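Engineer: Dumping the structure here so I can ask a few things about it.
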Amino acid sequence: MRNERSLLKQNYHAAAWNEPIIMQMGRKGERGILVPEAEEEIKEVVGDVLSRIPTDLRRTEPPKLPEISQPQVVRHFLRLSQMCLGTDLNIDIGQGTCTMKYSPKVNEYLARLPDISELHPLQDEETVQGILEIIYKFAGFLSEISGMDKFTFQPGGGAQAIYTNACIIRAYHAARGESQRDEIITTLFSHPADAATPATAGFKVITLMPDENGYPDLEALKAAVSKRTAGMMITNPEDTGIYNPRVREYVDIVHEAGGLCSYDQANANGILGICRAKEAGFDMCHFNLHKTFSSPHGCSGPGCGAVGVRDYLEKFLPVPVVEFDGEKYHIVYERPFSIGKVRSFLGNIPVVLRAYAWVMSLGPDGIRDVAEVSVINNNYLAKKLSQVSGIGMSYPKAKCRLDQIRYSWEQLRRETGVGTEDVRRRVVDFGVQSYFESHHPWVVPEPFTPEPTETYSKDDIDEYAEILRYISQEAYVSPDTVKNAPHKSTITRIDERILNDPKKWAMTWRAYLNKRHSWDSQGQ
Amino acid sequence: MARTRRQVAHPYIPNSVAKTKEEMLDEIGVSDVSELFSGIPNELRFKGVLNLPKPLLSEYILRRHVEGLLSKNKSCKEYLNFLGAGCWQHYVPAVCDEISSRAEFLTAYVGDTYSDLGKYQALFEFQSMMGELVGMDVVSAPTYDWASACSSSLLMAARITGRSQVLIPRVVNPEKLWHMRNFFRSTVDIEVVEYDHETGQLDLEDLEKKISSKTAAVYFENPSYLGFIETHAAEISRIAHAHGALSVVGVDPTSLGILAPPSEYGADIVCGEAQPLGVHMNYGGGLCGFIASRDEEQYVAEYPTFLISIAPTRRAGEFGFGWCTHERTSFYKRERATDFTGTTQCLWGISAAVYLALLGPQGLRDLGESIMERSHYAMKVISEIDGVKAPMFSSVVFKEFVVNFDAAGKSVRDINKGLLRHKIHGGKDITREFPELGNSALYCVTEIHTKEDIDRLASALKEVLK
């Protein structure tokens, strides 16, 4: 029966509500919700409190917020939600390096219970023993999965976690009187945050370019290390999906030079339970709990970049840390060597809760299944895509491709004029998310990077491959169809020049009202 | 492989079905999955089985297990809560929960305008409504939290002015100061400006003394960390400007229905925390910072965050959205970027947009008034207790206030332990943060506290202090 069904959603059309901007909605006097008014007895006791505000600090003009009744507010935001293609709604294989996987509903249910959603972060530790136990135990799980000794969940995302590791490297050398170590080495195919955040932490950054097989240039590394080397911050597998089998050698070179090695495990999905940061010699690492550990991405957060370190770096972790004395869990601030704070309080703890529940639902075998199935899925998709005209695999000689692969539409562009930007807009017409191309700079031309995580079925992958095959064929036959895409999206093509034009860009409605005259012919 | 294989397919992993796996391996052209990992050297392999708990395979048992752990907590729903200090308990409208739970938003990430238009529009609406509150034309997409928004704002000021010192009030959340110290390293110096111990107000003489041609920015908050309204806001901005420095103001947006927007008293950059706008505290996971400024090219160029701009499309009457000057961010510029951005707290920006749309201008004013009435009532009934002084400062209070227990004969720590026995989370103990304020706590009262709740606090305090 399955074979009789077309793999393509030919008749798909995205919701296209053409919703007004909320600032245009409603009428004067409408109310969306009423605030609990203070009781009469309170009013009698306190009198006119607003008159106590110094005159020049009183608000004279009410903020120009819209005035809308509740049903219309609900309808507006529901319509906006319908024009947003969450992972739950689509075969979200395209957003590689983002590890788009199913976020179990039961974990969402748990994360929204008042026993966590209504916790204040400064509550007495006696009153938060349950959540502290979850935090502590989950740190133990990650220690087992990575081989690191101690974790913090304070960073709110991957970039902030990498920044935290850069700060720890800085503190480590400072504590040893080696502050002259001011260089961090990263690779081009590591996440841009592996370059940006050490720079924020004050380091000079050296980037290793890929060699002809896609591996970070080993000779360049040997030339880069010196007495100024503070550390190396890299991913493996890199964003190309290529696992560097000689990673230990790289780590050893940096160690010999006196630097620390930080493992950005954003791409850990294919190696969970297979290999760990510790055996590769790393001193520290981080996992994205909103990616690899299934917590939802929330339109870009709240996430959690869980930072793990070896025992000799524990004392530098941000405060507070959660400790267990055998009976009770404690929130500990007294840590003189700590780098301080990277984020307020303990971090996005509901994300930790979801990740905890996810690991509890899998156990050791399940975790390994995640890695194995995601690698099978990736290699299966590779096989399917190898049959599509115009697609090339970056660095085809690099054999070990784990969680994802960076492909290139370069051949398609050469032969049809249709490039990756065009295909990216066209896939939307088949009900899947616009895909991730590559971080910048684009070393691989016309790139795209699908990551078919373990929660996609064989049928899902077949459908995704069929979409790309169909579009490729279309590019050869009627390239304009692809170039003018999308055709079945929420909107038509936007004028992107405006996004870089100071006279026309508008980050708020009030700015738009001031500038709309400069939108000339497109003015609305 | 020596380990025993679970026979049942895992509900989250469709291709864990043995037969499917075999079919796919066949298609790939390998006989065993281990061949796909052959590129990982043996010495890097993890040997054996991870020491993790046995899985709770049925959803029911998993749920029972986690619920059991969580039930050990004493939440602010179960106990009465007077903690604030950077994370505040406000009423979260059901509509906010409905929208932020929508799978469409909850499970989206970094998709483009053509597939995720609704996300862009909702966040543009967040930026637009926040812009109305603070009186600024540019507002960032959500940042990690107020602390990171504040540190980034001050670094923006340093780059804009080409100067390397910022003046920070003594009355600021010490956690924020901690964040700055780590974030600024040695590139920007922090000089702390004292306050008047009677009123809590920033000491203008000390400010005049410390400000110089090195000063990039003067930072202050309104209301301040300790809850009172900073009266000399315009004067502080004037002093900053007179020395060529920027005025950077931190705000609690729940006050902006009744307090003047910072743009009216000279702010150049505004930052703050959107968590109180329709986001649950989430044990601190509800935070959502923002940065705002005038719409000047020089300012926009220095934002480290994402900025969503509205844009026209090919069809008349249709709006699209996109990232403004995306090439400014760390995703393009790598180590040459201003600082960095990444996954932040965008879902909560959507909740805040829903919240502001529901409240509207009158609702925001009502909110401010209701909060002030209740906090002032609370101060009144608490200060009637022997040995308790509330508020400690003579300045006008918004929703938080310092309660001093010097004359009560008990430490804040013991008082709070006592209050817990009455199922009350007392105010934050600030005796170590501000030793000069003696035995003091920072209490927070919002629109959720009924008269009965506040009276219950007062009678519990009386009991505890007996």
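Engineer: So is residue A:174 open to solvent by 20 Å² or more (accessible area, probe 1.4 Å), more than 7 Å from chain B (Cβ to nearest Cβ), closer than 20 Å to residue A:310 by Cβ and of a type in the set (A, V, I, L, M) or not?
Structural biologist: yes
Engineer: Here are some residues: A:214, A:241, A:259. Which one is open to solvent by less than 10 Å² (accessible area, probe 1.4 Å), more than 10 Å from chain B (Cβ to nearest Cβ), more than 30 Å from residue B:33 (Cα to Cα) and under 28 Å from the mean Cα position of the chain (by Cα)?
Structural biologist: Exactly one residue qualifies, and that residue is A:259.
Engineer: All but one of (1) in a loop (DSSP other than H, G, I, E, B); (2) open to solvent by 10 Å² or more (accessible area, probe 1.4 Å) hold for residue A:342, so report the exception by its number.
Structural biologist: (2)
Engineer: Quick test of your reading of the structure: residue A:24 fulfils all but one of (1) of a type outside the set (Ser, Thr, Tyr); (2) within 7 Å of another protein chain (Cβ to nearest Cβ); (3) over 30 Å from residue B:375 (Cβ atoms). Name the failing condition by number.
Structural biologist: (2)
Engineer: Moving on to the next point. When residues of segment B:327-362 are filtered for being touching a residue at least 60 places away in the same chain (Cβ under 8 Å), of a type in the set (Ser, Thr, Tyr) and more than 7 Å from chain A (Cβ to nearest Cβ), how many remain?
Structural biologist: Selection size over segment B:327-362: 3.
Engineer: Continuing with the same structure: Please give the number of the condition residue B:64 fails out of (1) over 30 Å from residue A:434 (Cβ atoms); (2) facing another protein chain (nearest Cβ under 7 Å).
Structural biologist: Only one criterion is unmet by residue B:64, namely (2).
Engineer: Quick one: which of B:35, B:78, B:98 is in a helix (DSSP H, G or I) and more than 30 Å from residue A:148 (Cα to Cα)?
Structural biologist: On inspection, the qualifying residue turns out to be B:98.
Engineer: Another question, then. Go through (1) in contact with a helix residue (DSSP H, G or I) (Cβ under 6 Å, 6 or more places away or on another chain); (2) open to solvent by 40 Å² or more (accessible area, probe 1.4 Å) one by one and return the number of the condition residue A:484 breaks.
Structural biologist: Failing condition for residue A:484: (1).
Engineer: Of (1) touching a strand residue (DSSP E or B) at 6+ places or on another chain (Cβ under 8 Å); (2) within 21 Å of residue A:259 (Cβ to Cβ); (3) β-branched (Val, Ile, Thr), residue A:339 satisfies all except one. Which?
Structural biologist: If we test residue A:339 against (1) touching a strand residue (DSSP E or B) at 6+ places or on another chain (Cβ under 8 Å); (2) within 21 Å of residue A:259 (Cβ to Cβ); (3) β-branched (Val, Ile, Thr), just (1) comes out false.
Engineer: Continuing with the same structure: How many of the residues making up segment B:80-102 are more than 8 Å from every other protein chain (Cβ to nearest Cβ), closer than 30 Å to residue A:15 by Cβ and open to solvent by 10 Å² or more (accessible area, probe 1.4 Å)?
Structural biologist: So the answer is 2.
Engineer: Please go through segment B:440-466 and pick out each residue that is open to solvent by 30 Å² or more (accessible area, probe 1.4 Å), without any contact (Cβ under 8 Å) to a residue 40 or more places away in the chain and not hydroxyl-bearing (Ser, Thr, Tyr).
Structural biologist: B:452, B:466
Engineer: Related question: Which residues, taken from segment A:396-407, are surrounded by fewer than 22 Cβ atoms within 10 Å (Cβ to Cβ) and in contact (Cβ under 8 Å) with a residue 12 or more places away in the chain?
Structural biologist: Those that are surrounded by fewer than 22 Cβ atoms within 10 Å (Cβ to Cβ) and in contact (Cβ under 8 Å) with a residue 12 or more places away in the chain: A:397, A:400.
Engineer: So which of B:191, B:221, B:205 ends up being without any contact (Cβ under 8 Å) to a residue 60 or more places away in the chain, more than 14 Å from chain A (Cβ to nearest Cβ) and either under 25 Å from the mean Cα position of the chain (by Cα) or open to solvent by less than 20 Å² (accessible area, probe 1.4 Å) (or both)?
Structural biologist: B:191
Engineer: Moving on. Is it true that some residue in segment B:426-444 is touching a Gly at 6+ places or on another chain (Cβ under 6 Å), part of a strand (DSSP E or B) and of a type in the set (Asp, Glu)?
Structural biologist: Checked against the condition, which is being touching a Gly at 6+ places or on another chain (Cβ under 6 Å), part of a strand (DSSP E or B) and of a type in the set (Asp, Glu), segment B:426-444 yields no hits at all.
Engineer: Look through segment A:497-524, keep the residues that are in contact with a Gly (Cβ under 6 Å, 6 or more places away or on another chain) and not polar (S, T, N, Q), and return whichever of them is least open to solvent (accessible area, probe 1.4 Å).
Structural biologist: A:499
Engineer: Please find, within segment A:420-469, the residue that is farthest from residue A:11 (Cα to Cα) out of those that are open to solvent by 20 Å² or more (accessible area, probe 1.4 Å) and of a type in the set (Phe, Trp, Tyr).
Structural biologist: Within segment A:420-469, the match that is farthest from residue A:11 (Cα to Cα) is A:442.
Engineer: Looking only at segment B:103-137, count every residue that is assigned to a loop (DSSP other than H, G, I, E, B), at the interface with chain A (Cβ under 7 Å from one of its Cβ atoms) and farther than 25 Å from residue A:492 by Cβ and tell me the total.
Structural biologist: Final tally of qualifying residues: 2.
Engineer: Does residue A:102 qualify as being more than 14 Å from residue A:322 (Cβ to Cβ), within 7 Å of another protein chain (Cβ to nearest Cβ) and of a type in the set (Ser, Thr, Tyr)?
Structural biologist: For residue A:102, the condition - more than 14 Å from residue A:322 (Cβ to Cβ), within 7 Å of another protein chain (Cβ to nearest Cβ) and of a type in the set (Ser, Thr, Tyr) - is met.
Engineer: Tally time: how many residues in segment A:271-296 are of a type in the set (Val, Ile, Thr) and more than 20 Å from residue A:152 (Cα to Cα)?
Structural biologist: Here the count works out to 2.
Engineer: Scan segment B:136-188 for residues that are charged (D, E, K, R), under 22 Å from residue A:197 (Cβ atoms) and under 21 Å from the mean Cα position of the chain (by Cα) and jot them down.
Structural biologist: Within segment B:136-188, B:145, B:175, B:176, B:181 qualify.
Engineer: Being free of Cβ contacts under 8 Å to residues at least 12 places away in the same chain and facing chain A (nearest Cβ under 8 Å): is that true of residue B:373 here?
Structural biologist: yes
Residues checked against (1) among the hydroxyl-bearing types (Ser, Thr, Tyr); (2) part of a loop (DSSP other than H, G, I, E, B):
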site	(1), (2)
B:309	yes, no
B:317	no, yes
B:321	no, no
B:334	no, no
B:342	no, yes
B:352	no, no
B:375	yes, no
B:410	no, yes
B:415	no, no
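Engineer: Search segment A:110-128 for residues that are touching a residue at least 12 places away in the same chain (Cβ under 8 Å) and more than 7 Å from chain B (Cβ to nearest Cβ) and pair each with any residue that is charged (D, E, K, R) and crowded, with 22+ Cβ neighbours inside 10 Å when their beta-carbon atoms are under 7 Å apart and the residues are at least 6 apart or on different chains.
Structural biologist: Listed by first residue and then by second, the contacts come to A:111/A:354.
Engineer: Report, by residue number, each residue of segment B:24-60 that is surrounded by 13 or more Cβ atoms within 10 Å (Cβ to Cβ) and more than 30 Å from residue A:277 (Cα to Cα).
Structural biologist: Within segment B:24-60, B:27, B:59 qualify.
Engineer: Pick out, from segment A:136-255, the strands (runs of 3 or more DSSP E) lying fully within it that include 2 or more residues that are at pLDDT 95 or above and under 28 Å from residue B:328 (Cβ atoms).
Structural biologist: A:183-187, A:204-208, A:229-235
The values are calculated or read from the model by the stated rules, or taken from the named source; none is laboratory data. Small disclaimer: the values here were computed from a predicted structure and weren't measured. Ideal geometry is used to build each Cβ from the backbone, glycine not excepted, and the neighbour counts take in all protein chains shown. To get the accessible areas, we keep the full protein, side chains included, count just its heavy atoms, and leave off ligands, DNA and RNA. Shrake-Rupley method; radii C 1.70, N 1.55, O 1.52, S 1.80 Å.
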